[in-house]
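Some notes on the structure that comes next.
The values are calculated or read from the model by the stated rules, or taken from the named source; none is laboratory data. Since the structure is predicted, the reported quantities are computational estimates derived from the model, not experimental observations. Reconstructed Cβ throughout: ideal geometry from the backbone, glycine too, with neighbour counts over all protein chains shown. SASA here: full protein model, heavy atoms, side chains in, ligands and nucleic acids out. Shrake-Rupley method; radii C 1.70, N 1.55, O 1.52, S 1.80 Å.
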Amino acid sequence: MKNDNLFALIEARLPRDLSGACLETVEGLVYSRRDLLHATGRLAGWLTSLNLPAEADGTPARVAVQVDKSPEALLLYLATLRAGLAYVPLNSAYQQAEIEYFLGNAKPAVFVCTPERLAALEPIARAAGVAHVTTLGEHRDGTLLERAAPFPDRFATVRRRASDLAAILYTSGTTGRSKGAMLSHGNLSSNALVLDEFWGFKEERDTGDQDVLLHALPLFHVHGLFVAAHAALLSGSTMLFMNKFDPKQVVRWLPRATVFMGVPTLYTRLLAEPRFDRHVCRNMRLFISGSAPLLTETFDAFKQRTGRAILERYGMSETLMLVSNPYFGVAADRIAGTVGVPLPGVDVRVVNDDGSRCKAGEIGQVQVRGPNVFSGYWQMPEKTAEEFTPDGWFRTGDVGHFGGAGKPEAYLTLAGRAKDLIISGGYNVYPKEIEGYIDEMPGVAESAVIGVPHPDFGEAVAAVVVPKGAHGVDAAQVIAQLKSRIANFKVPKRIWVVEDLPRNAMGKVQKNVLRERYRDAFA
C-alpha cells in the first residue's frame with residue numbers, strides 16, 4: 001500500500017547526498033538533510049512511545065503546540081506527521097483564555113509550550129485532559145528535546161491514507177469562536193506538488209539550479225508552515241531561517257536567496273530600508289505576497305525599486321492555496337489588485353445569491369472545490385454542512401469577480417469578505433472598491449472601509465484612513481473627491497484619521513475591531 005503520509009513524500013524527495021544544508025539560522029547554525037531525518041526520527045520515536053490512542057473512528061491523537069519559531073519547532077511539526085499524529089499549531093500571541101478554549105476543543109494528548117509559559121499553561125492543559133505537557137524554547141532549551149534524545153535516529157514513517165487527518169488549523173475567529181479546519185495529508189501533499197510546478201521550483205531543479213528560500217514567516221499559519229516550508233522541503237531548497245522578521249537581516253541575506261514569501265506589511269517595511277535595491281535582489285527569481293491584500297501602490301513601488309513584480313496569490317486555512325498570479329510568462333502577467341488564475345486542479349466559481357454564475361466583472365460569492373479543500377471543521381458538523389453547497393463547493397466567505405475593467409476573464413479580483421459587505425439604505429457597498437479610490441489619493445498610506453449602525457440607513461459607510469508619513473489627511477477633501485468619482489451611497493458619511501490600523505499576526509486588518517470601536521458613531 002502506498003504511504004500517503006506527507007512526510008513520506010518529503011522523504012522520497014530527499015537527494016542521495018544528505019549532507020547538504022536544509023536550513024541555516026541567523027546565528028550560523030546549519031541543519032543538514034541528515035539532521036532533518038535524524039531529529040524528526042527521535043522526536044517521532046518519543047511521540048510513538050507515549051502510545052497515544054486514536055479516536056474510535058480512527059482519527060489520530062492531536063499534538064498542540066504554542067512555541068516561538070525555531071528550527072526545532074519545524075522539526076516537531078514534521079515529526080508529528082511522521083508519527084502519524086495530527087498537528088495543531090497555535091498562534092504564539094494567544095493568551096490563557098484562548099489557549100483554554102483551543103485545548104478544550106481540540107483535546108490534544110500532547111501540549112508543547114515555551115518554558116516561560118509552563119507555570120501558567122500547564123494547569124490549563126491538565127484541566128483540559130492533556131496527558132503529556134512538555135516545553136520547547138527558542139534556543140533548543142526546554143524538556144522536549146531531552147525526552148527525545150535517547151530515542152534512535154531511525155524511524156519508519158507511519159503509513160497514512162490521503163484522507164487521514166494531518167493538521168487542525170484554527171481560523172482567526174473574527175465572528176465568534178475560532179473553528180478548527182481539518183486538513184488531511186492529501187490536502188497538504190496535493191497543494192505542495194501543484195505549487196512546486198506552478199511557482200517554478202521544479203524548473204529550477206530540472207535545470208540543475210537550487211533554490212534558496214528566505215523564510216521570515218511564522219510557523220503557526222498556512223503561509224509559513226504549509227506554503228513556504230513545504231515548498232523548500234519538496235524542492236530540496238535551502239532555507240535561510242529567521243526566527244523573527246528583521247528587514248535589515250533580510251537585506252543582508254537577499255543576495256544569497258532566490259525566493260521570498262511575505263505578507264504586505266513585510267514588503268512595505270523592506271521598501272523603508274535604504275539599502276533595499278536592485279543589486280540586493282540580483283539573484284531573486286520570485287517574491288510572493290499573500291495573507292492580506294497587497295496595495296497597488298506597494299506593488300508599483302516594489303517593482304520600480306527592485307525590477308521585480310511581486311506575485312500575489314489567494315488562499316485560506318480551509319483550502320490552502322487556491323489562486324495565483326502566474327510565475328511563468330512576463331512580469332506584465334502579474335496584475336496588481338488581482339490574485340490571478342485558479343491553480344491546476346482547483347475549481348473556482350463566482351455566483352449570485354441564487355447560485356447562478358456571475359458575468360465578467362460582476363461581483364458575487366467565491367466558491368471553490370479541489371483536492372486541496374479541507375473536509376470540515378473539527379467537532380462542528382452543522383457548521384461544516386453550512387459552508388458547503390449541495391453540489392460540494394466550499395463557500396469561502398469572500399466576494400469577488402472574474403475579469404472586468406480590462407482584466408483577463410480568467411483573473412480573479414477579490415472585493416472583500418462577505419461579512420464586510422455593507423448594506424446602506426438597501427444598496428450593497430463593497431469596501432475594497434472604495435478603499436481603492438481612497439488609497440490612490442495623495443497623502444494616504446492606506447484605508448479601511450467599514451459599515452457602522454445608522455438610524456436611517458441601517459448601516460452607514462465609514463472609513464478609517466492612515467496618512468502617509470508626516471502628511472496630513474483632510475477628511476472633508478477625501479469625501480469631496482469621492483463624491484466626484486463614485487455613487488453617493490458609496491461615499492463614507494464619516495472618516496476618521498488614525499496613526500495605524502489594527503492587524504492580526506498575519507497583517508490582516510481587523511475590521512471587526514474597527515466596527516466595534518466606532519459602532520456608536522451615529523447613535
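Quick one: count up the residues across the stretch 99-127 that are open to solvent by 10 Å² or more (accessible area, probe 1.4 Å) and free of Cβ contacts under 8 Å to residues at least 40 places away in the same chain.
12
Condition first: out of contact with any Asp or Glu (no Cβ under 9 Å at 6 or more places or on another chain), loosely packed, with under 13 Cβ neighbours inside 10 Å and touching a residue at least 40 places away in the same chain (Cβ under 8 Å). Can you find one or more residues in the stretch 454-462 that meet it? Can you show your working first?
Of the residues in the stretch 454-462, the ones out of contact with any Asp or Glu (no Cβ under 9 Å at 6 or more places or on another chain) are 454-462.
Still in the list and also loosely packed, with under 13 Cβ neighbours inside 10 Å: 455-456.
The next check asks that each one be touching a residue at least 40 places away in the same chain (Cβ under 8 Å); those that pass are 455.
Yes, the conditions are met somewhere in the stretch 454-462.
Can Glu146 be described as out of contact with any helix residue (DSSP H, G or I) (no Cβ under 7 Å at 6 or more places or on another chain), at pLDDT 95 or above, open to solvent by 10 Å² or more (accessible area, probe 1.4 Å) and within 30 Å of Tyr327 (Cβ to Cβ)?
On the way: out of contact with any helix residue (DSSP H, G or I) (no Cβ under 7 Å at 6 or more places or on another chain): yes; at pLDDT 95 or above: yes; open to solvent by 10 Å² or more (accessible area, probe 1.4 Å): yes; within 30 Å of Tyr327 (Cβ to Cβ): no.
So Glu146 does not fit the description; no.
Within the stretch 158-177, how many residues are surrounded by 22 or more Cβ atoms within 10 Å (Cβ to Cβ) and of a type outside the set (A, V, I, L, M)?
Just the residues of the stretch 158-177 that are surrounded by 22 or more Cβ atoms within 10 Å (Cβ to Cβ), to begin with: 160, 165-170.
Narrowing the set further to residues that are of a type outside the set (A, V, I, L, M) leaves 160, 170.
Going through the stretch 158-177 one residue at a time, the tally reaches 2.
Restricting attention to the stretch 413-444, and to residues there that are modelled with pLDDT of 90 or more and part of a strand (DSSP E or B), which single residue is most open to solvent (accessible area, probe 1.4 Å)?
Leu414
Among the candidates Ala56, Ala86, Ala39, Ala44, which residue alone is farther than 21 Å from Thr114 by Cβ, small (Gly, Ala, Ser), modelled with pLDDT of 95 or more and more than 24 Å from the chain's Cα centre (by Cα)?
On the way: Ala56 fails: modelled with pLDDT of 95 or more; Ala86 fails: more than 24 Å from the chain's Cα centre (by Cα); Ala39 fails: farther than 21 Å from Thr114 by Cβ.
After applying the criteria, what remains is Ala44.
The conditions are (1) among the charged types (D, E, K, R); (2) modelled with pLDDT of 90 or more; (3) out of contact with any strand residue (DSSP E or B) (no Cβ under 8 Å at 6 or more places or on another chain); (4) surrounded by 16 or more Cβ atoms within 10 Å (Cβ to Cβ), and Glu516 fails exactly one of them. Which is it?
Result: Glu516 fails condition (4) only.
Checking Thr143 against (1) touching a Lys or Arg at 6+ places or on another chain (Cβ under 8 Å); (2) polar (S, T, N, Q); (3) without any contact (Cβ under 8 Å) to a residue 40 or more places away in the chain, which test does it fail?
Unmet condition: (1).
With the condition kept exactly as written, say whether any residue in the stretch 292-299 is open to solvent by less than 10 Å² (accessible area, probe 1.4 Å), among the hydrophobic types (A, V, I, L, M, F, W, C) and in contact (Cβ under 8 Å) with a residue 12 or more places away in the chain. Working first, answer last.
We begin by selecting, within the stretch 292-299, every residue open to solvent by less than 10 Å² (accessible area, probe 1.4 Å); these are none.
There is no residue in the stretch 292-299 that is open to solvent by less than 10 Å² (accessible area, probe 1.4 Å), among the hydrophobic types (A, V, I, L, M, F, W, C) and in contact (Cβ under 8 Å) with a residue 12 or more places away in the chain.
Here is a yes/no grid of residues against (1) farther than 30 Å from Gly345 by Cα; (2) open to solvent by 10 Å² or more (accessible area, probe 1.4 Å); (3) touching a residue at least 24 places away in the same chain (Cβ under 8 Å):
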position	(1), (2), (3)
Pro255	yes, yes, yes
Phe260	no, no, yes
Arg278	yes, yes, yes
Asn283	yes, yes, yes
Gly290	no, no, yes
Thr306	yes, no, yes
Glu312	no, yes, yes
Leu322	no, no, yes
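All but one of (1) closer than 27 Å to Val250 by Cα; (2) modelled with pLDDT of 95 or more hold for Leu121, so report the exception by its number.
(1)
Considering each residue of the stretch 41-57, count those that are open to solvent by 40 Å² or more (accessible area, probe 1.4 Å) and either of a type in the set (A, V, I, L, M) or within 20 Å of Leu74 (Cα to Cα) (or both), and give that number.
Of the residues in that region, 4 qualify.
Matching residues to (1) over 22 Å from Asp68 (Cα atoms); (2) among the aliphatic types (A, V, I, L, M):
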position	(1), (2)
Pro218	no, no
His223	no, no
Ala231	no, yes
Val251	yes, yes
Thr265	no, no
Glu273	yes, no
Thr296	yes, no
Ala301	yes, yes
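Out of all the residues in the stretch 348-382, which are closer than 18 Å to Asn187 by Cβ, in contact with a strand residue (DSSP E or B) (Cβ under 9 Å, 6 or more places away or on another chain) and open to solvent by 60 Å² or more (accessible area, probe 1.4 Å)? Explain how you work it out, then say what you get.
Filtering the stretch 348-382 for residues closer than 18 Å to Asn187 by Cβ gives 348, 367-378, 380.
Now drop any that are not in contact with a strand residue (DSSP E or B) (Cβ under 9 Å, 6 or more places away or on another chain), which leaves 348, 367-370, 372-378, 380.
Hits for the stretch 348-382 are Arg369, Ser375.
Please determine, by comparing only the residues of the stretch 1-40 that are out of contact with any helix residue (DSSP H, G or I) (no Cβ under 9 Å at 6 or more places or on another chain), in a helix (DSSP H, G or I) and open to solvent by 70 Å² or more (accessible area, probe 1.4 Å), which one is farthest from Ser184 (Cα to Cα).
Arg34
Within the stretch 293-308, track down each residue that is of a type in the set (A, V, I, L, M) and under 19 Å from Tyr327 (Cα atoms).
To start, the set of residues in the stretch 293-308 that are of a type in the set (A, V, I, L, M) comprises 294-295, 301.
Matches in the stretch 293-308: Leu294 only.
All but one of (1) within 26 Å of Val222 (Cα to Cα); (2) assigned to a loop (DSSP other than H, G, I, E, B); (3) hydrophobic (A, V, I, L, M, F, W, C); (4) open to solvent by 30 Å² or more (accessible area, probe 1.4 Å) hold for Ala410; which doesn't?
Only one criterion is unmet by Ala410, namely (2).
Please go through the stretch 338-386 and give me each residue that is without any contact (Cβ under 8 Å) to a residue 12 or more places away in the chain and of a type outside the set (A, V, I, L, M), ordered by number.
Just the residues of the stretch 338-386 that are without any contact (Cβ under 8 Å) to a residue 12 or more places away in the chain, to begin with: 354, 356-357, 359, 381-382, 384-386.
Correct list: Asp354, Ser356, Arg357, Lys359, Pro381, Glu382, Thr384, Glu386.
Does the stretch 463-478 hold any residues that are surrounded by 16 or more Cβ atoms within 10 Å (Cβ to Cβ) and either touching a residue at least 60 places away in the same chain (Cβ under 8 Å) or outside any loop (DSSP other than H, G, I, E, B) (or both), and which are they?
Ala463, Val464, Val465, Val466, Pro467, Val478
I'm trying to understand the selection: among the residues of the stretch 7-36, which are closer than 12 Å to Asp153 by Cβ and within 26 Å of the chain's Cα centre (by Cα)?
Leu36
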